[in-house]
Amino acid sequence: MAFVFLATSTAGRQLESRHVSVALAIAGSALATISTWAAEALGAAEIPPWWLGLTTGLPVYFGLVRRERAAAQAAAEYTAVLEERGRIAREIHDVVGHSLSGIAVQLDMADALHAAGKAPEANEAVLRARALAVSGLKETRRAVHALRESTLPLSESVARLAESHGARYRVSGGGPVSVEIAQTVIRAAQEALTNAHKHAPGADVDVLLEHEASVVRLTVTDNGTRHAEGDGMGLAGMRERAALLGGTLFAGPDGPGWTVRMELPR
């Protein structure tokens, strides 16, 4: 009977077909019951009651549960891997793909201008291509940094970014957020702090991260005075990321300075 218990438990965990596992459990229970009756008929001593044989098929259920739990865990891990790959793919697309496309366009233009005998204009196109390459390299380094920072809690990652840029930082509320939300907020904070340093050097910068019941909000403000800054690859990419997550991004003058505000649903 102990052997039948072990067999049915292993069957539920190992056999691919649920029907085969259940059939084996029924057959095991029937075999154990019939064997008990036969032993009683032969006058064997110390025989377990006949009804105990009916329970020998029950372990198949526990085996099936263990297998389904293992399958669910494997599926969850695979989904997490796919999400991480998708996140990295978007980083590569947003940063490297955009830069390489711009470089290719500028070099094609330089080639056409050179063939037309317009050497000065061709040289300017080459210089623009070089500037795109330098900018793309910086963005790639920032993306790698952001991917590494995502292993830290969101509030701590944003705090480090604010500290590295000499900005004041405040956080309101807390709680866990998904990897996608954390990564998007970190990238937006990087972009906003870099733009503030570039377009309003010396201005006071404040970073506020708010965790509310339904949204996560990042607000980066500075008191620098400047004309509208170029939207470029950075903020446009952040708007696209926010839209993919059902959120919004505002970037523009707000009072005496400039504000970047991102809101993402939790």
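Screening residue 156 with (1) modelled with pLDDT of 85 or more; (2) under 23 Å from residue 220 (Cα atoms); (3) surrounded by 13 or more Cβ atoms within 10 Å (Cβ to Cβ) gives one miss only, at (3).
For beta carbons closer than 7 Å, sequence separation of 6+ or different chains, a first residue in segment 158-178 that is assigned by TED's automatic domain parsing to the domain that holds residue 259 and a second that is of a type in the set (S, T, N, Q) and modelled with pLDDT of 85 or more, the qualifying pairs are 171/155; 174/155. Answer yes or no: is there a residue in segment 193-205 that is at pLDDT 90 or above, over 17 Å from residue 254 (Cβ atoms) and aliphatic (A, V, I, L, M). No, the conditions are met nowhere in segment 193-205.
Answer yes or no: is there a residue in segment 220-234 that is at pLDDT 85 or above and of a type in the set (A, V, I, L, M). Scanning segment 220-234, I find at least one residue that is at pLDDT 85 or above and of a type in the set (A, V, I, L, M), so the answer is yes. Scanning segment 162-190 for residues that are modelled with pLDDT of 85 or more and part of a helix (DSSP H, G or I) yields 162, 163, 181, 182, 184, 185, 186, 188, 189.
If you take the residues in segment 194-213 that are in a strand (DSSP E or B) and touching an Asp or Glu at 6+ places or on another chain (Cβ under 8 Å), which one is surrounded by the fewest Cβ atoms within 10 Å (Cβ to Cβ)? Even if it seems obvious, please write down each step before you answer.
At the first step, the residues of segment 194-213 found to be in a strand (DSSP E or B) are 205-211.
Filter once more, keeping what is touching an Asp or Glu at 6+ places or on another chain (Cβ under 8 Å): 205-206.
On the way: 205: 22, 206: 17.
So the residue we want is 206.
Is it the case that segment 204-222 has a residue that's in contact (Cβ under 8 Å) with a residue 24 or more places away in the chain, of a type in the set (Lys, Arg) and in contact with a helix residue (DSSP H, G or I) (Cβ under 6 Å, 6 or more places away or on another chain)? Full working, then the answer.
Kept after step one, since they are in contact (Cβ under 8 Å) with a residue 24 or more places away in the chain, are these residues of segment 204-222: 204-222.
Cutting the leftovers down to of a type in the set (Lys, Arg) gives us 217.
If we keep only those that are in contact with a helix residue (DSSP H, G or I) (Cβ under 6 Å, 6 or more places away or on another chain) too, we end up with none.
Looking for residues that are in contact (Cβ under 8 Å) with a residue 24 or more places away in the chain, of a type in the set (Lys, Arg) and in contact with a helix residue (DSSP H, G or I) (Cβ under 6 Å, 6 or more places away or on another chain), one finds none in segment 204-222, hence no.
Would you check if there is a residue in segment 64-76 being buried (at least 16 other Cβ atoms within 10 Å of the Cβ) and modelled with pLDDT under 80?
Let us first name the residues in segment 64-76 that are buried (at least 16 other Cβ atoms within 10 Å of the Cβ), namely 64, 67.
Imposing the further condition that a residue be modelled with pLDDT under 80 reduces the set to 64, 67.
Among the residues of segment 64-76, at least one is buried (at least 16 other Cβ atoms within 10 Å of the Cβ) and modelled with pLDDT under 80, which makes the answer yes.
The values are calculated or read from the model by the stated rules, or taken from the named source; none is laboratory data. Since the model is a prediction, treat every value here as computed from it, not as a measurement. We place every Cβ from the backbone using ideal geometry, glycine too, and count neighbours over all the protein chains shown.
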